[in-house]
1. Looking only at the range 75-88, count how many residues are hydrophobic (A, V, I, L, M, F, W, C) and open to solvent by less than 10 Å² (accessible area, probe 1.4 Å).
2. With respect to Ser241, is the statement that it is among the polar types (S, T, N, Q) and over 30 Å from Ser264 (Cβ atoms) true?
3. Suppose we filter Phe224, Phe235 for residues that are surrounded by 17 or more Cβ atoms within 10 Å (Cβ to Cβ) and touching a residue at least 12 places away in the same chain (Cβ under 8 Å); which single one remains?
4. Look at the range 62-74 and say how many of its residues are out of contact with any Ser or Thr (no Cβ under 7 Å at 6 or more places or on another chain) and crowded, with 24+ Cβ neighbours inside 10 Å.
5. Does the range 146-173 hold any residues that are of a type in the set (A, V, I, L, M) and part of a strand (DSSP E or B), and which are they?
6. Say whether the condition of being under 26 Å from Asn212 (Cα atoms), open to solvent by 40 Å² or more (accessible area, probe 1.4 Å), free of Cβ contacts under 8 Å to residues at least 40 places away in the same chain and among the basic types (Lys, Arg) is met by at least one residue in the range 116-139.
7. Among the residues of the range 249-269, which ones are in a loop (DSSP other than H, G, I, E, B) and at pLDDT below 95?
8. With Glu156, Glu172, Glu183 as the choices, which residue is open to solvent by 40 Å² or more (accessible area, probe 1.4 Å), acidic (Asp, Glu) and in contact (Cβ under 8 Å) with a residue 12 or more places away in the chain?
Amino acid sequence: MNIEDNYLEINRQSWNARTETHINSDFYDLDGFLKGKNSLNAIELNLLGNLSNKSVLHLQCHFGQDSISLSRLGADVTGVDLSDVAIARARELAKQTHSSSQFICSDVYDLPNHLDRQFDIVFTSYGTIGWLPDLNRWAEIVSKFLKPDGTFVFVEFHPVVWMYDARFKKIEYRYFNSSAIIESEKGTYADKEAELEVKTIGWNHSLGEVINSLIQNGLRITYFEEFDYSPYNNFNDSVESEPGKFRIAHLGNKIPMVYALTASNQLLPDKKENEI
């Protein structure tokens, strides 16, 4: 068996190992969150709009901060993640914050075996699809769980970013998805000095692959934008060139770092009802 065939378990172990470090990091600012700070960024908030009485499926939710932030804005939220440790902490955090958010431990592809409802909004953001080998299956899941008039909201790090080595000194990987990227990492983006080492298996997905997978599964792209900054200080050698905007110091605003899109569900209601 090739090592990438075991990617789910390898990546689950990676996220299980990172969760406690992330919860205790300044990066995630749990203390501020518990005091009411919203963990979402302007990019996604502008696309999500008014969430009052909206149902939201949050794919790859980690330990639940963004899911609970969505619920604080009035949404009925279900968060999903493959890490059992992260989901356990998400449920604890929901109780601690008196949030109605519900959490399911499942990888994205297996979600139909754990959930049988549809949502007004499917949402996923920042460092999610790189853990998935097949975007057609991902887009199929997005479409499956959207109501006939539902909206998909997606914010992700730009595939150009993942072409570089860790220090952004040279191009190390292809822009296009041709094979699994197997890496070992010391520390973690939330605490680069943390005493842990994890192995990960990921894939780079071009913009064309992302957009076409959604179109081919009945979704119509209604918005697309690229941004020359990250709202997070999660990359090596980055600087806050403007408040809340982090760029790689020696690259400045020369490369795209994030993109965002929305898509509407175009499948016929009778087909959608028969799928669940």
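1. The qualifying residues number 5.
2. Numbers: among the polar types (S, T, N, Q): yes; over 30 Å from Ser264 (Cβ atoms): yes.
Spelling it out, Ser241 is indeed among the polar types (S, T, N, Q) and over 30 Å from Ser264 (Cβ atoms).
3. Numbers: Phe224 fails: surrounded by 17 or more Cβ atoms within 10 Å (Cβ to Cβ).
One residue alone meets the criteria, Phe235.
4. Selection size over the range 62-74: 2.
5. Of the residues in the range 146-173, the ones of a type in the set (A, V, I, L, M) are 146, 153, 155, 160-161, 163, 166, 171.
Hits for the range 146-173 are Leu146, Val153, Val155, Ile171.
6. Within the range 116-139, one or more residues are under 26 Å from Asn212 (Cα atoms), open to solvent by 40 Å² or more (accessible area, probe 1.4 Å), free of Cβ contacts under 8 Å to residues at least 40 places away in the same chain and among the basic types (Lys, Arg).
7. Keep residues of the range 249-269 that are in a loop (DSSP other than H, G, I, E, B), which gives 249-257, 266-268.
Hits for the range 249-269 are Gln266, Leu267, Leu268.
8. So the residue among Glu156, Glu172, Glu183 that is open to solvent by 40 Å² or more (accessible area, probe 1.4 Å), acidic (Asp, Glu) and in contact (Cβ under 8 Å) with a residue 12 or more places away in the chain is Glu183.
The values are calculated or read from the model by the stated rules, or taken from the named source; none is laboratory data. This one's a predicted model, so the numbers in the text were calculated from it and none came from an experiment. Glycine also receives a Cβ, built like all others from the backbone with ideal geometry; neighbour counts cover every protein chain displayed. These area figures cover heavy atoms from the full protein model, side chains too; ligands, DNA and RNA do not enter into them. Shrake-Rupley method; radii C 1.70, N 1.55, O 1.52, S 1.80 Å.
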